[in-house]
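Asker: Below is a structure I'd like to ask you about.
The values are calculated or read from the model by the stated rules, or taken from the named source; none is laboratory data. These figures come from a predicted structure and were not determined experimentally. Quick reminder, even Gly has a Cβ in these numbers, built from the backbone with ideal geometry, and neighbours come from all protein chains shown. Keep in mind that these areas ignore ligands, DNA and RNA; they rest on the heavy atoms of the full protein, side chains included. Shrake-Rupley method; radii C 1.70, N 1.55, O 1.52, S 1.80 Å.
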Amino acid sequence: MPNTDSTGSIFTRLEAYGHKKVVFCSDPDTGLKAIIAIHDTTLGPALGGTRMWAYKTEQDALDDVLRLSKSMTYKAAISGLNLGGGSAVIIGDSRKDKSEALLRKFGRFIKNLNGEFITAEDVGTNPRDMEYIRMETQYVTGVPETIGGSGDPSPISALGVFMGIKASVKELFGTDSLTGKSVIVQGIGQVGENLVKLLRDENVKVYISDINEEQTARVSKKYGAEAVSNNSIFDIDADIYSPCALGATVNTHTINKLKCAIIAGSANNQLEDEAVHGRLLLEKGILFAPDYVINAGGVINCYSELMGFTKKRTLQLTENIYEATRNIIKLSKSENIATIQAANKIVEKRIADINKVKSSY
Ligand code: NAD
C-alpha cells in the first residue's frame, strides 16, 4: 500500500481528482510495484502511458499517476478522440529494475482490466517494453512499427506543437507564416529536435537550450540553431517560448522575466499553478497555447494505431490541433478567461454532453 498518513487520505485524493478506479499492482517475484489510475471512461477506454521512475516515496508515485491520468482525460477529450484518461507508473529505476518478467507481469494486471485501460510508452519505457506487455495483453499501443504498431510518437507530437505555434501566431500577427519569427526551444530531446527541424524548414530563427551539451552542439550544427545557456533563456527577446523539457517552467518568477508574446511547447503541466499563472499570463498579454492541447500528437498516434488509421489520417487529426487552438483562443477572448480555463471548459462540456447521451439509452 502507498505510504500515506492514513488510508483515508488516498480516498480524499481520489475524490479531489475525480478518479474512477486505482489499481495497486504488486508482485514480489518480479519486484513489480505499479499503480494504474483510471480517471474517466465516459468517452472510451482510458488510454495513457506507463512511466517507470525511481520515485522517492510511494506517495510521490501515487500523486504522479493521479495527475497524469487526469490530464490524459483532458488531452483525449480536447482532441475529439473517443478515449478516456488513464495512466500507470512502475516504481523503479528503468535502467536497473526492468525485466521481461516484470513487464509481462504488469501486462497481466492490464489484461485483468478487460480493456478498461490501454497503455503506451512514457518516460522510462520504450516500444520494446510495449512489445513485452503485448505478449500478455492486447491492450497496449506504441509497439514498434515492424510489428504493426505506430512506433515513435515524437515526430507527430512535434507536428502538433508546430500547429499550436502557428495558430497562436495567426492570432497575434494575422498570418500563420512563421517566416521572420524567433522561437526558443527549451529541451531538444525527441520532441524538441523534431520541432527544431519543422521550424528551421520555415526559416524561423531558433534558439535552443538543453542540459545535454553534446545534444545541444549536434542539433545546433545540424539545423543551424543558436545554442544558448539554460540560465539565459528568459532574457532572450524572442517571439515564442517553447518549453519541451520539464513542467512548471512557467511560474511567477519566469513570467516576470519572459519577453515573448507566445508560450507553446510540448512539456506537460507547464504552468506551475494552472489558475494563478493562467490568469497572470492573460493579464500580461502573453498568449499561452495550452500544453495538453498542442502536445496531443502522441495520444493521437496511439488512437490511430488502435483504430487502424492510415498515417495520412493520423497527420490530419494532428493538424486539427490548429483549429482546436484557435477555438480555445476565441473562447478565452470572448469570456476573458485564461486559455487553459477555456480549454478545460470545452473538455468538461464535451464529457458532460456525452454522459447525457449515454444515460439516455
Ligand atoms: P526527452 O527526454 O527525449 O527530451 C527532453 C530533453 O530535455 C532532453 O534532451 C533533456 O536533456 C532536456 N532537459 C531536461 N531537463 C532540462 C532542463 N532543466 N533544461 C533544459 N533541458 C532539459 O523527452 P521528449 O519525449 O522529447 O518529451 C519532452 C517533453 O514533452 C516531456 O515533458 C514530455 O512529457 C512531453 N511530451 C512528449 C511527448 C512525446 O511524444 N514524446 C508527447 C507529449 C508530451
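Asker: Would the range 30-44 turn up any residue that is touching a residue at least 40 places away in the same chain (Cβ under 8 Å), basic (Lys, Arg), in contact with an Asp or Glu (Cβ under 9 Å, 6 or more places away or on another chain) and crowded, with 16+ Cβ neighbours inside 10 Å?
Answerer: Quick first cut of the range 30-44, residues touching a residue at least 40 places away in the same chain (Cβ under 8 Å) only: 30-44.
Of the ones still in play, those that are also basic (Lys, Arg) are 33.
Then drop every residue that is not in contact with an Asp or Glu (Cβ under 9 Å, 6 or more places away or on another chain), which leaves 33.
Checking which are crowded, with 16+ Cβ neighbours inside 10 Å leaves us with 33.
Scanning the range 30-44, I find at least one residue that is touching a residue at least 40 places away in the same chain (Cβ under 8 Å), basic (Lys, Arg), in contact with an Asp or Glu (Cβ under 9 Å, 6 or more places away or on another chain) and crowded, with 16+ Cβ neighbours inside 10 Å, so the answer is yes.
Asker: Could you tell me which of the residues Lys111, Lys105, Lys166, Lys96 is over 23 Å from Lys21 (Cβ atoms) and assigned by TED's automatic domain parsing to the domain that holds Lys56?
Answerer: The conditions single out Lys96.
Asker: Then there's this: Within the range 252-269, how many residues turn out to be farther than 19 Å from Ala167 by Cα, within 15 Å of the ligand (Cβ to nearest atom) and either open to solvent by less than 30 Å² (accessible area, probe 1.4 Å) or assigned to a helix (DSSP H, G or I) (or both)?
Answerer: 2
Asker: When you look at Glu214, is it within 16 Å of the ligand (Cβ to nearest atom), over 20 Å from Gly298 (Cα atoms) and surrounded by fewer than 21 Cβ atoms within 10 Å (Cβ to Cβ), yes or no?
Answerer: Criteria met by Glu214.
Asker: Take the residues of the range 292-313 that are polar (S, T, N, Q) and more than 30 Å from Cys260 (Cβ to Cβ): which is farthest from the ligand (Cβ to nearest atom)? Steps first, please.
Answerer: Step one: list which residues in the range 292-313 are polar (S, T, N, Q), which gives 295, 301, 304, 310.
Then drop every residue that is not more than 30 Å from Cys260 (Cβ to Cβ), which leaves 304, 310.
Details: Ser304: 13, Thr310: 19 Å.
Here the residue is Thr310.
Asker: Sticking with this one: Go through Leu287, Leu306 for me and flag whichever is within 20 Å of the chain's Cα centre (by Cα), outside the structural domain of Gly265 (by TED's automatic domain parsing) and at negative phi.
Answerer: Working: Leu287 fails: outside the structural domain of Gly265 (by TED's automatic domain parsing).
Exactly one of Leu287, Leu306 is within 20 Å of the chain's Cα centre (by Cα), outside the structural domain of Gly265 (by TED's automatic domain parsing) and at negative phi, namely Leu306.
Asker: Right, another one. Would you check if there is a residue in the range 110-131 being within 30 Å of Leu199 (Cβ to Cβ), more than 21 Å from the chain's Cα centre (by Cα), part of a loop (DSSP other than H, G, I, E, B) and at pLDDT 95 or above?
Answerer: no
Asker: Give the residues of the range 190-233 that are among the acidic types (Asp, Glu) and farther than 19 Å from Leu159 by Cβ, sorted by residue number.
Answerer: Those that are among the acidic types (Asp, Glu) and farther than 19 Å from Leu159 by Cβ: Asp210, Glu213, Glu214, Glu226.
Asker: Something else now. Restricting attention to the range 4-15, does a residue exist that is within 30 Å of Ile346 (Cα to Cα), touching a Lys or Arg at 6+ places or on another chain (Cβ under 9 Å), exposed (fewer than 15 other Cβ atoms within 10 Å of the Cβ) and modelled with pLDDT under 95?
Answerer: Looking through the range 4-15, none of the residues is within 30 Å of Ile346 (Cα to Cα), touching a Lys or Arg at 6+ places or on another chain (Cβ under 9 Å), exposed (fewer than 15 other Cβ atoms within 10 Å of the Cβ) and modelled with pLDDT under 95.
Asker: When the range 60-109 is examined, which residues are found to be assigned to a loop (DSSP other than H, G, I, E, B), open to solvent by 30 Å² or more (accessible area, probe 1.4 Å) and in contact with a strand residue (DSSP E or B) (Cβ under 6 Å, 6 or more places away or on another chain)?
Answerer: Ser94 - this is the single residue of the range 60-109 that is assigned to a loop (DSSP other than H, G, I, E, B), open to solvent by 30 Å² or more (accessible area, probe 1.4 Å) and in contact with a strand residue (DSSP E or B) (Cβ under 6 Å, 6 or more places away or on another chain).
Asker: Something else: Which of the residues spanning the range 173-196 are buried (at least 17 other Cβ atoms within 10 Å of the Cβ) and more than 10 Å from the ligand (Cβ to nearest atom)?
Answerer: Within the range 173-196, Leu178, Lys181, Ser182, Val183, Ile184, Val196 meet the criteria.
Asker: I would also like to ask the following. Enumerate the pairs (first residue in the range 142-160 and at pLDDT 95 or above; second residue anywhere and away from the ligand (no atom under 11 Å from the Cβ) and open to solvent by 20 Å² or more (accessible area, probe 1.4 Å)) with beta-carbon separation below 8 Å, excluding pairs fewer than 6 apart on the same chain, so at least 6 apart or on different chains.
Answerer: Ile156/Leu315; Ala158/Lys197; Ala158/Leu198; Leu159/Leu198; Leu159/Leu315; Leu159/Glu319
Asker: Name the one entry in Ala352, Ala343 that is part of a helix (DSSP H, G or I), closer than 21 Å to Leu172 by Cβ and open to solvent by less than 50 Å² (accessible area, probe 1.4 Å).
Answerer: Values: Ala352 fails: closer than 21 Å to Leu172 by Cβ.
So the residue among Ala352, Ala343 that is part of a helix (DSSP H, G or I), closer than 21 Å to Leu172 by Cβ and open to solvent by less than 50 Å² (accessible area, probe 1.4 Å) is Ala343.
Asker: Same structure again: Just need a number here: residues in the range 281-291 that are surrounded by fewer than 24 Cβ atoms within 10 Å (Cβ to Cβ) and either within 16 Å of the ligand (Cβ to nearest atom) or within 27 Å of Leu317 (Cβ to Cβ) (or both). I'd like the intermediate steps shown before the answer.
Answerer: Going residue by residue through the range 281-291, those that are surrounded by fewer than 24 Cβ atoms within 10 Å (Cβ to Cβ) are 281-287.
Still in the running and either within 16 Å of the ligand (Cβ to nearest atom) or within 27 Å of Leu317 (Cβ to Cβ) (or both): 287.
So the answer is 1.
Asker: Just for the range 233-251: of the residues that are more than 16 Å from Gly189 (Cα to Cα) and either near the ligand (Cβ under 10 Å from one of its atoms) or free of Cβ contacts under 8 Å to residues at least 12 places away in the same chain (or both), which one is least open to solvent (accessible area, probe 1.4 Å)?
Answerer: Only one residue tops the list, namely Ile233.
Asker: Within 21 Å of Ile294 (Cβ to Cβ) and in contact (Cβ under 8 Å) with a residue 60 or more places away in the chain: which single residue out of Leu68, Leu62, Leu113 fits that description?
Answerer: Leu68
Asker: When you check Ile337 against the structure, is it surrounded by 12 or more Cβ atoms within 10 Å (Cβ to Cβ), not basic (Lys, Arg) and not in a helix (DSSP H, G or I), yes or no?
Answerer: So Ile337 passes the test.
Asker: Quick one: would you say Asn114 is open to solvent by 50 Å² or more (accessible area, probe 1.4 Å) and under 21 Å from Arg51 (Cα atoms)?
Answerer: Details: open to solvent by 50 Å² or more (accessible area, probe 1.4 Å): yes; under 21 Å from Arg51 (Cα atoms): yes.
Judged against the criteria, Asn114 is a match.
Asker: Would you say Val228 is open to solvent by less than 30 Å² (accessible area, probe 1.4 Å), more than 10 Å from the ligand (Cβ to nearest atom) and within 22 Å of Thr325 (Cβ to Cβ)? If you could, list the steps in order and put the result at the bottom.
Answerer: Working: open to solvent by less than 30 Å² (accessible area, probe 1.4 Å): yes; more than 10 Å from the ligand (Cβ to nearest atom): yes; within 22 Å of Thr325 (Cβ to Cβ): no.
Here the answer is no, as Val228 does not meet what is asked.
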